[in-house]
1. Can you find a residue that is within 13 Å of Glu582 (Cβ to Cβ), at pLDDT below 95, touching a Ser or Thr at 6+ places or on another chain (Cβ under 7 Å) and assigned to a loop (DSSP other than H, G, I, E, B) anywhere in the range 463-471?
2. Within the range 333-365, take every residue that is over 17 Å from Phe276 (Cα atoms) and among the polar types (S, T, N, Q) and give me the one that is modelled with the lowest pLDDT.
3. From Glu264, Glu247, grab the single residue that is farther than 23 Å from Gln383 by Cβ, open to solvent by 50 Å² or more (accessible area, probe 1.4 Å) and modelled with pLDDT of 90 or more.
4. Is it fair to say Thr285 is of a type in the set (S, T, N, Q) and at pLDDT below 90?
5. Say we look at the range 477-508 and pick out the residues that are part of a loop (DSSP other than H, G, I, E, B) and of a type in the set (S, T, N, Q); which of these is nearest to Leu404 (Cα to Cα)?
6. Look at the range 496-535 and say how many of its residues are of a type in the set (Val, Ile, Thr), without any contact (Cβ under 8 Å) to a residue 60 or more places away in the chain and in contact with a helix residue (DSSP H, G or I) (Cβ under 8 Å, 6 or more places away or on another chain).
7. Restricting attention to the range 60-82, report how many residues are open to solvent by less than 30 Å² (accessible area, probe 1.4 Å), more than 11 Å from the ligand (Cβ to nearest atom) and of a type outside the set (Val, Ile, Thr).
8. Pairs under 8 Å by beta carbon, first residue touching a residue at least 24 places away in the same chain (Cβ under 8 Å) in the range 132-144, partner basic (Lys, Arg) and within 13 Å of the ligand (Cβ to nearest atom), six or more apart or different chains?
Amino acid sequence: MKQFRTESKKLLDLMANSIYTNRDIFLRELVSNASDAIDKLSFMSLTDTSAKLDDEDLEIRLAYDEDARTITISDNGIGMTEAELEENLGTIAHSGSEEFKKTNAEAQGGEVDIIGQFGVGFYSSFMVAKQVRVVSRAFGSEDTFVWESDGAEGYTITKADEPRATHGTDVIITLRDEPEAPEDGEEADQGFDKYLSEWGLRDLVTRYSNYVRHPIRMMVTKSRALPKPEDAGDDYQTEYEDYEELETLNSMTPIWRKRKQDVEQKDYDEFYKSTFHDWDDPARTIPFHVEGTLDFYSLLFVPGRAPFDLYSKDYEKGLALYSSNVMIMEKCADLLPDYYNFVRGVVDSPDVSLNISRETLQQSRQLRAMARSIERQITRNLQDMRDNDREEYEKFFENFGRGLKFGIYNSYGAKADPLADLMLFWSARDEKMVTFAEYVAAMPEKQEVIYYVAGDSRDRLAKMPIVKTVLDKGFDVLLCTQDVDEFTFQAMRTYHAAAVAGDSENKGRDARDYELKNVTSGDLDLATDEEKEAAEKATTEHEGLFSALAGKLGDKVEKVVAAANPTDAPARITTEGPVSLEMERVLAQGPEGMEAPHSRRILELNAGHPVFDKLVAAQEAGDDEKLALYASLLYDQALLVEGLSVDDPVAFAQNVCSLM
Ligand code: ADP
C-alpha cells in the first residue's frame, strides 16, 4: 500500500471527521470531475483528428446498489493512466496543495474554511464513503487500472483483470454505515441512506449539477398501465407494471442562454459553485446577451472572496469560451483585462470558430470587441454595487481592490477612468471608506487638493502630527495602507471630479481635476499668512542655525528649514521630488541587491516649539557638540514618527542616553 502524503492525510482526516453539514456536495464534485474529463476528451478531439468522437455518446452515468451500499459515477471521458491515478488521487492534485500545506501549518481557519478554500474535489467523497474505488482506462490505452482507498493511511493501484469496455472512469463509493439509532431517538440520522435511492440522487443532481453540459443518466424505475385485456369486464381495474428506463436527470440547457428572469439566483449560485469549484456563493452575478454585429451570451461572476492564489504568478485569469455550446477554451485570457482578472464566467458565441487557435484568437477583432463589451458590463455592475449595496461592495473591494489599483498603476494612469471611481480609501475624518467622489463632495469650498498619506498602519497614520494639522484645517485626509496605493496615486496625479449639478441646498460644482497630495510632501501649502510670515522671519533670523544643522546632518537631508505648516511636533521630515518616504520604504522591500531610490528629505523645524529655543541657545553658546547631538536626535525621532526606522539605532540610543 502506498502512503498518502502528509497534507493529503490531513485533508482526508478533515473529511472523515467533517462536521461540515453539507455532505451532499460530494456528488457535485465527482460529477464535475466526470464532466471535466469528458470536456478534456472532446477538446482533444478538436485538435487531434485521430480521436474521432461521437458527441452523442458522451455521458455521465449514475447507479446505486442498495445491498452493496455503493454509488457509481461513471464517465466516458479521457480517463487516467496508472501514473495519473497516482499523481491525481494520491496527492492533493490541484494547485492548492502547496498553499494548503502552508495554511494548514497554521490551521486557524476552521475546517469549513479550509474545505471551502481549497475546493477539495475528489476527496470530498470521503465525507460519505468508507471506501472508494476508481476504475479508469485512459483514452488510447488498452489497460485499465484500479485505485482503491479507505481514505485513512494510503491507497493501492492495481491493474484490472478485465479492462473497462471503453475509455473513461468509474468512481465507486461504498457509503458509510448508518449509525445505529440510539434508543431515545435523540441523535439525528446521518443521512447516508438517502443517497441509495432514485429520488435522493435525482435531488442532488437537480440541485447541484443541473446545468452540467453533459447528460447525467440513470436507470430509473417507472410504472405504466397495462393494456386493457379484450375480455375485461365493466369492473376492470387498470393494472400497472414497472419498467426500467434510462433517464437524463439534468436539464443541460446552458444556464447562460436562459433569460435572466427565468432563472433563480440559487440556480446561478449552484452553477457558479459547481463550475468554478468555489465553496461560496458569488458576490455578483452578471448575465447578459449581446445581439447585433456582435452576437454572444455571457454569464459572469464576481467571486465572494479572493482565491488564495489570486496575487500569485500561478493565477490564470480568463473566461471559458464556448462556440454554440461546445467549449473551445477553458480560460480565454484575452477576454478580461488584468484588473478584472478575478471575474469568472462563460462566454458563448456562435461566431467564434471551433477550430480557432490561440494566435488567431488574439488577433480576432471580434474577440477584442467582445472583451470591450465584457469590460463595460463588469464596470457597470461594480458601479451599481458601489452605489446600491455598499456593504457588499466594501467586502468586494477588500478582496479585489488591490488589483484595481494595479490596473491604474500598470497603465500609467490611462485606466484611471473608470477605475478611480471604483476605489475606496479610509477617511481619517469620517472614519469610514469613501470614494474620491465622496471625498470631493465633502470638501470645504477653499480646499484645492485631495490630501492623503501612505504607510503601513492606519492607526499610526492617524496619529501623525501633520495629519492632525490638516484635519484641524478642516480638510480630510485619506489614509492609505496598501503598498500599491502611493504608486497608484503617482500614476493618477490628479482625480477628475465630474460636474455636480446644484440644487436648492448647494451650488453644485464644475468638473475639474484635483491634485492628489501626500501630506508629507515639502510643498504642502496649508499655512495661514501669519504662519508663513513667521516661518520666513525665523528662516532669515536663524539662517546660521539652519545651515549649521544641515552641515551636521550631511547628506541625510537636502536642507533644514523652518516649518511652514507647523504641527505640534518639534520637527518633521518632508520630501521634495517624486519619491516619498513611503515609496522609499516600499521599494526598499524589493528584491535583494536592488538599489532602492532615495527620497530627498527636508528637516522642518517648528520655530514655535520650546525645543527650538534650545537649539538657538546651543548655537549662540557655540556648543558645537550639543548642536550635532540635537540635530541627530531630532532627525531620528522625526523618522520614527513617519514610521521609518532610524539609520543607526545604536547611535540613536547612545544619543538619548547622553542627553539624559
Ligand atoms: P480538481 O478537480 O479540483 O483538480 P480533484 O481532487 O477533484 O481536484 O481531482 C484531481 C484530479 O484528478 C483532477 O484534476 C483530474 O485530473 C483527475 N480526475 C478526477 N476525477 C476524474 C475523472 N472522472 N476522470 C479523469 N480524471 C479525473
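The values are calculated or read from the model by the stated rules, or taken from the named source; none is laboratory data. Source: prediction; values computed, not measured. Reconstructed Cβ throughout: ideal geometry from the backbone, glycine too, with neighbour counts over all protein chains shown. Ligands, DNA and RNA are excluded from the accessible area calculation, which covers all protein heavy atoms including side chains. Shrake-Rupley method; radii C 1.70, N 1.55, O 1.52, S 1.80 Å.
1. Scanning the range 463-471, I find no residue that is within 13 Å of Glu582 (Cβ to Cβ), at pLDDT below 95, touching a Ser or Thr at 6+ places or on another chain (Cβ under 7 Å) and assigned to a loop (DSSP other than H, G, I, E, B), so the answer is no.
2. Ranking the candidates gives Asn355 first.
3. Of the residues listed, the single one that is farther than 23 Å from Gln383 by Cβ, open to solvent by 50 Å² or more (accessible area, probe 1.4 Å) and modelled with pLDDT of 90 or more is Glu264.
4. No.
5. This residue is Gln482.
6. The first filter runs over the range 496-535 and keeps only residues of a type in the set (Val, Ile, Thr), leaving 500, 519-520, 528.
Subset that is without any contact (Cβ under 8 Å) to a residue 60 or more places away in the chain: 500, 528.
Okay, now just the ones that are also in contact with a helix residue (DSSP H, G or I) (Cβ under 8 Å, 6 or more places away or on another chain), so 500.
The qualifying residues number 1.
7. 1
8. Close Cβ pairs satisfying both conditions: Val135/Arg164; Ser136/Arg164; Arg137/Arg164; Asp143/Arg137.
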